[in-house]
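Written below as structure tokens is the structure these notes are about.
The values are calculated or read from the model by the stated rules, or taken from the named source; none is laboratory data. Since this is a predicted model, take the numbers as computed values, not measurements. When we count neighbours, we look across all protein chains shown, and the Cβ atoms used for this are built from the backbone with ideal geometry, even at glycine. Areas reflect the complete protein model, heavy atoms only, side chains present, ligands, DNA and RNA absent. Shrake-Rupley method; radii C 1.70, N 1.55, O 1.52, S 1.80 Å.
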Amino acid sequence: MQANLGYSATFDKGDLPMPPGRGFAILTCMDARLDPAKYAGLSEGDAHVIRNAGGRASDDAIRSLVVSYKLLGTREWFVIHHTDCGMETFTNEIMSDLLSKSLKTASIDAGGWSDCGEGPGCCEGKYINWMTIKDQMESVLEDVVRIKSHPLVPADIPVYGFIYDVKSGRLLEVPAATELGRAS
Ligand code: ZN
């Protein structure tokens, strides 16, 4: 709240239009180490940023992208996954197993995830596709292809694939993804 008081004290962006000024949208991971405004040089009003665990092209991410172009005019999209993503550390099976035992926060060590075991757990986890990641190149490619081939996405929107390196802060393009995501 204190930070917001400082922010609003000198705020002068109250007259921005709703459509993103730079005409693009980013789909990226919720990882706390990623700051899209900083890594892509964005200011208020510049772009749509859609975030979820992994930066995956879930149905809900696609819902946002469709609103982004159809109602707010974005013309280019970027799928940005990253190195050392937490979504690489488990599978659907591991997650549903952890949840079935306990709803407390699990811990990870060299042997993988484990639970304190304090119940109750819940079996609902097995009905969710957690969209985990085995390989960043593959996941970027898969998501660019899923977005590009979605029937509500027009062919003339290019979708670019990138991996953000959490060690260097650099964005590295995944050429195969960008190639499959090109506009036609
Ligand atoms: Zn991540």
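Listed residues 6, 14, 73, 41; which is assigned by TED's automatic domain parsing to the domain that holds residue 146, over 22 Å from residue 145 (Cα atoms) and either away from the ligand (no atom under 16 Å from the Cβ) or of a type outside the set (Gly, Ala, Ser) (or both)?
Of the residues listed, the single one that is assigned by TED's automatic domain parsing to the domain that holds residue 146, over 22 Å from residue 145 (Cα atoms) and either away from the ligand (no atom under 16 Å from the Cβ) or of a type outside the set (Gly, Ala, Ser) (or both) is 41.
Matching residues to (1) buried (at least 16 other Cβ atoms within 10 Å of the Cβ); (2) in contact (Cβ under 8 Å) with a residue 24 or more places away in the chain; (3) under 24 Å from residue 131 (Cα atoms); (4) of a type in the set (Asp, Glu):
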{"position": "2", "(1), (2), (3), (4)": "no, no, no, no"}
{"position": "10", "(1), (2), (3), (4)": "no, no, no, no"}
{"position": "13", "(1), (2), (3), (4)": "no, yes, no, no"}
{"position": "35", "(1), (2), (3), (4)": "no, no, yes, yes"}
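Any chance you could count how many residues in the stretch 8-47 are part of a helix (DSSP H, G or I) and of a type outside the set (A, V, I, L, M, F, W, C)?
Here the count works out to 4.
Go through the stretch 76-115 and report how many residues are of a type outside the set (A, V, I, L, M), more than 16 Å from the ligand (Cβ to nearest atom) and open to solvent by 90 Å² or more (accessible area, probe 1.4 Å).
The qualifying residues number 5.
From 57, 53, which residue is closer than 19 Å to residue 133 by Cβ, in contact with a strand residue (DSSP E or B) (Cβ under 9 Å, 6 or more places away or on another chain), open to solvent by 30 Å² or more (accessible area, probe 1.4 Å) and hydrophobic (A, V, I, L, M, F, W, C)?
Answer to the check: 53.
Could you please let me know if residue 128 is aliphatic (A, V, I, L, M), open to solvent by less than 70 Å² (accessible area, probe 1.4 Å) and either within 15 Å of the ligand (Cβ to nearest atom) or modelled with pLDDT of 95 or more (or both)?
Spelling it out, it is not the case that residue 128 is aliphatic (A, V, I, L, M), open to solvent by less than 70 Å² (accessible area, probe 1.4 Å) and either within 15 Å of the ligand (Cβ to nearest atom) or modelled with pLDDT of 95 or more (or both).
In the stretch 97-143, which residues are basic (Lys, Arg) and in a loop (DSSP other than H, G, I, E, B)?
104, 134
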